[in-house]
Amino acid sequence: MNINRCIKINFSFVVFLLVSLFSGLILKSTLFILCLIFHELGHLFFIKIFKQKIRRLEITGFGLIISANFEIQPLRKGLIYSGGLIFSLFLETIFLVFNLELLKNINLLIIIINLIPIPPLDGFNILKTFFELFFDEEYSLDLSLDISIIAIVLTIILFFLTKQIFLICIVTFSLSKLIKYKSLKKIIYLKNFLKLNPHKQIAV
């Protein structure tokens, strides 16, 4: 696999580095990245355990987005999506034991962010995988996207209440991914419609 084609750097990561450089938050940003790396190792650990292949890695300001076709049971897929949170919770325990206040707060922020059920965060993927235990993949995606819209609205409200700038950054980033999901869903529906109705024309 060509490593240049496999790894993509998202614009949000460049913005994150520039903001860190000119805001005097180099130490906190470095610790944030280190905690994120440990978080992503959790995902990669379970991907390796279940022998899955990665198509692409996208480095963003909010973590690593792993693109892969997981041809495994929902429970195993759920472990892959939960792997980052499992590793982060383990790390949080260590920080609590040794009373490392700054690292504890940074790592806790990563955990909270990833619990939000909006794409492409872990919370969204875990929720979608949970629904796949009961419904087919297409309906699970549809249901998860509807819930993510509610979560985005609540996150925006929380931003106005707390004035935490990172919340609006997450919402903006998530909306760009949500548009792609919605576009993908329309393509899936269109293909299925054409398969079922090969002689019909569709007016768009």
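The values are calculated or read from the model by the stated rules, or taken from the named source; none is laboratory data. These numbers come from a predicted model, not from an experiment. A quick note on method: Cβ atoms are made from the backbone with ideal geometry, for glycine too, and the neighbour counts reach across all protein chains shown. The accessibility values were calculated without ligands, DNA or RNA, using every heavy atom of the protein model including side chains. Shrake-Rupley method; radii C 1.70, N 1.55, O 1.52, S 1.80 Å.
When we screen I150, I86 for residues that are among the β-branched types (V, I, T), surrounded by 14 or more Cβ atoms within 10 Å (Cβ to Cβ) and under 18 Å from the mean Cα position of the chain (by Cα), the only hit is I86. For region 120-204, the helices (runs of 4 or more DSSP H) that sit wholly inside it and include 1 or more residues that are under 20 Å from Y81 (Cβ atoms) and at pLDDT below 90 are 137-162, 165-196. Within region 1-57, the set of residues being surrounded by fewer than 17 Cβ atoms within 10 Å (Cβ to Cβ), not hydrophobic (A, V, I, L, M, F, W, C) and not in a helix (DSSP H, G or I) comprises N2, K8, G24, K51, K53, R55, R56.
Being within 19 Å of the chain's Cα centre (by Cα), open to solvent by 60 Å² or more (accessible area, probe 1.4 Å) and either within 23 Å of E40 (Cβ to Cβ) or at pLDDT 90 or above (or both), is that true of even one residue in region 91-106? Looking through region 91-106, none of the residues is within 19 Å of the chain's Cα centre (by Cα), open to solvent by 60 Å² or more (accessible area, probe 1.4 Å) and either within 23 Å of E40 (Cβ to Cβ) or at pLDDT 90 or above (or both). Close Cβ contacts (under 6 Å, 6 or more residues apart or on different chains) running from residues in region 121-134 that are open to solvent by 30 Å² or more (accessible area, probe 1.4 Å) to residues that are part of a loop (DSSP other than H, G, I, E, B) comprise L127/P117. Each residue in region 59-85 was checked for being in a helix (DSSP H, G or I) and either in contact (Cβ under 8 Å) with a residue 40 or more places away in the chain or at positive phi (or both), and 9 pass.
All conditions in (1) open to solvent by less than 30 Å² (accessible area, probe 1.4 Å); (2) modelled with pLDDT under 95 hold for L64, with the sole exception of (1).
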